[in-house]
Every structure is written in C-alpha cells, then in structure tokens.
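Notes follow once the structure below has been shown.
Bear in mind that the values in this text are calculations on the coordinates, not laboratory data. Since the model is a prediction, treat every value here as computed from it, not as a measurement. A quick note on method: Cβ atoms are made from the backbone with ideal geometry, for glycine too, and the neighbour counts reach across all protein chains shown.
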Amino acid sequence: MTTASQSHSDVLIVGGGPAGAAAAILLAQQGHAVQIIEKTPAAHHKVCGEFLSHEALSYLERLGVDLPALGAASIQRLRLAAGRLITECDLPFPAMSLSRRTLDEALLQCALNAGATVLRGCRVESLARAGSNWTARLSNGDLRSASNAFLATGKHDLGGHPRPPGRQNDLISFKMYYRLAPTQQAALKHHVELIVFPGGYAGLQLVEDGTANLCLLVSRKQLHACGGTWNGLIAHILRSSQFLCERLHQATPQLEKPLALSSIPYGLLQQHASDGLFRLGDQAAVIPSFSGDGMSIALHSAHVAARIFLTGGNADSYQHRLARELSYSVSVATAVSRSVIASPGLVHLARLCPPVLRQIARGTRVPTYAMLESAHPVTGVTN
C-alpha cells in the first residue's frame, strides 16, 4: 500500500489508525495534500475491544467503509457477569464488532482512494515545528515536512510529545483472541459481555470471523499478586468468574501470546494545544475501555479536527471544543471504572436494576448534539 513519498505536504499525519486515516480522508477530499506516516508495514492486531457503537457506525459509513461487506459482527445486547450474578439488557443503540486489523486497512485504503499519500514501515523519531513548518524525522533517516501536523499515534506516545497523566493511571491492558467451542460461540453471538473480577474487568465479543476477542484491564497491584504473568492472571480471572470459565472451556487461543499495554492515561482530556499540534483519538481523550466508545471518540475527533481546520480554525480551538464535548462522557466512564476496580460488589446494583446499565451506556457516548454538528458538511478549502 506504500506510495511514493513527497518532501512537503499541506498536512502530515503521524499514525494510520482510525483517527489518522479518517482525518486524512476528510482533508484529502477537500483538496489538501495529505501524507500519513504509519510505522507498521502491514496489517496487524492491536490492543482494542473492537466495539463499534452507533456513533462509530455513522462516521464509518460516511467515510465509505462498508462494514457488512467486511463481515462485521452485529451486537444487540449487553450481558454483565459479576461472580455468579448475571444480567443482560438490549443495547440502547445498534452496534457492531470488527477487528482492528481489518478496519484499519479498510480506512487506509479509503484514504488512498481520497488522494492521500501513505508511507508505511517507517517510524517517526521526532516531530518539531520551526516557524510555519513541521518536520518529521523518520527511522530511515528521511525528513518529511508539512505546514500542519496531526498526531494520531493511539495509545503510544511520540517522543517529545508525551501526554499528561489521566485520572486512572494504574491499569494494564491485555488482549487475546479465542476460538470458542460451538455452543459457547452461539451463546456469545450478538452480545458484548462485561465480566467483572477482583482487580479488573474484561470484555468479550465476536469479531468478523467468529473469533472471540477477550480484552481486559487489571490493576498493577492485582497483576503483581498474580505473579506478573498472563497465565497467573487468567487463572485468577477464571477462578473468580465461573461464567468466563464456562465460556472459555475448550477454547483455543489464537495468538502465541497476548497483546499488552501499560501506562495508559485513562480519563485524560487534552484541554489545549498551544504548540499548534492537532491531537486525535487517544492522544486527545482516553475513555475507559468498558464504555466501548474509544473508536467513536477517535472518529469523532478526526471529524471535529478536520472541520475546524477546513474553516480556518487552529489546533487550540479544536482541542478546547473536543474537551468540552467529551468532558461528561469521559468523566462518567472514569468514575464508573474506578468504582468497579475498587469495589466490584457495586456491580450487583446494576443486576438489580438493568436500566442502570442502559443509562451508563448512554452516558458514556459522544453526545448527540456534537455528532450532529460535526456531521454538517464543509464545502470549499478555506484554510
């Protein structure tokens, strides 16, 4: 997918995930010369729950991604398991699930189709601004310059541009794919399952090929108590959750080892961008994973940034607006996440009152008013 590079462009986007690719599509469609630099040479898995809520579905359709054609799995219900207690309810919105490996490649292809340049297999070692231009130094020694820069490196920070701490900084994330036994796969179909265990929580759902994605968060303290290993952690979870133990009975892991990430600043909201850098996705806001809205936030941030850029606004005004739009949902999700980690027994209240689950699901979404506003078409190139 790599195309010929160019020495200077209107916009340089560091990172080719959903946020970066979406921004590239929107800006290239309006005639801007856009270059994406993506460090990975080919499609790969990422630590992600891979849940697509209705906000994400709306944005992806607008960007030209045909989710049914890609085999995305339909999700209609939420099931909560805490110890031996299980409850479930209909989701208050349509949802789907698709692996990041498939989704990211589809979005990068859409970016290419829109006219963006994609350089793959090179890492950006540094990104600095001098006067009116940004310059990126690549791992192969090359330089790329642009009049404007967008940072979309997901949960990985770029050297020289670290994110500040979030409000919940002691969690470590793991992800493993499983091939479930046929009866368990059938039971999971059309559901996203949230499993609470001492020291953390996990999400389980099917993706496009019928594989189950188990993505979980655990506190550093609990991981240390489990010997600091995946085997020790999964044994702890299965002892704590008969539900998940049954779900994974006779399941076959699909990866040699789990994917893992640490030092994730959950609850982060970037308020300003005094350096002029547009920060997208997890570089702008990090919502706890249980909400399932990380992908929506990534796509929403790309749309808001593109709209502000195309109408002559700057990075600081974009960052301030995005933080205002996401403040409530990120705050609610972080409060719930911290409560669940600290006192798993509180989850039993949701079992007694299933509408609480639906209310939490609604309260941790990108707000409707923001979606409608950012969806308004932009005509012409005014930047």
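Taken along its three principal axes, the alpha carbon spread of segment 228-344 comes to 56, 32, 23 Å, from the longest extent down to the shortest.
Please determine, in degrees from 0 to 90 and to the nearest 10, the orientation of helix 54-63 with respect to the longest principal axis defined by the Cα atoms of the chain, where the helix direction is its Cα long axis. Tilt of helix 54-63: around 30 degrees.
Note on segment 239-303: the C-alpha convex hull projects to 7.1 nm² when averaged across all orientations. Entry note, the chain: the mean residue ellipticity at 222 nm calculated from DSSP H runs of n ≥ 4, each adding -39500 (n - 2.57), is -10500 deg cm²/dmol after division by the residues and rounding to the nearest 500.
Which residues does a label at TYR369 reach in segment 314-328, if reach means a backbone N under 13 Å from a point 7 Å past the Cα toward the Cβ? Label zone hits: 324-328. Could you pull out every one of the lysines with an alpha carbon less than 17 Å from that of LYS39, ignoring same-chain neighbours closer than 8 positions? By straight Cα distance, LYS39 reaches LYS155. Using the Cβ-Cβ distance between ASN113 and SER339 with R0 set to 45 Å, the FRET efficiency from 1/(1 + (r/R0)^6) comes to roughly 0.50. Once you divide the Cα radius of gyration of segment 157-226 by 2.2 N^0.38 Å, the number left is 1.41.
Using every pair of distinct Cα positions in segment 84-174, the Kirkwood expression returns a hydrodynamic radius of 17.4 angstrom. Rg then Dmax, both in Å and based on the Cα atoms of the chain: 20.4, 62.
With the gyration tensor restricted to C-alpha atoms of segment 1-129, the semi-axes of the equivalent ellipsoid amount to 33, 16, 12 Å, longest first. Full extension of the chain between SER274 and ALA43 gives 79.8 nm of extra length, using 0.36 nm per residue less the Cα-Cα distance. Spin-label pair GLU256-PHE93: with each label point 7 Å from Cα along the Cα-Cβ axis, the two points sit 3.9 nm from one another.
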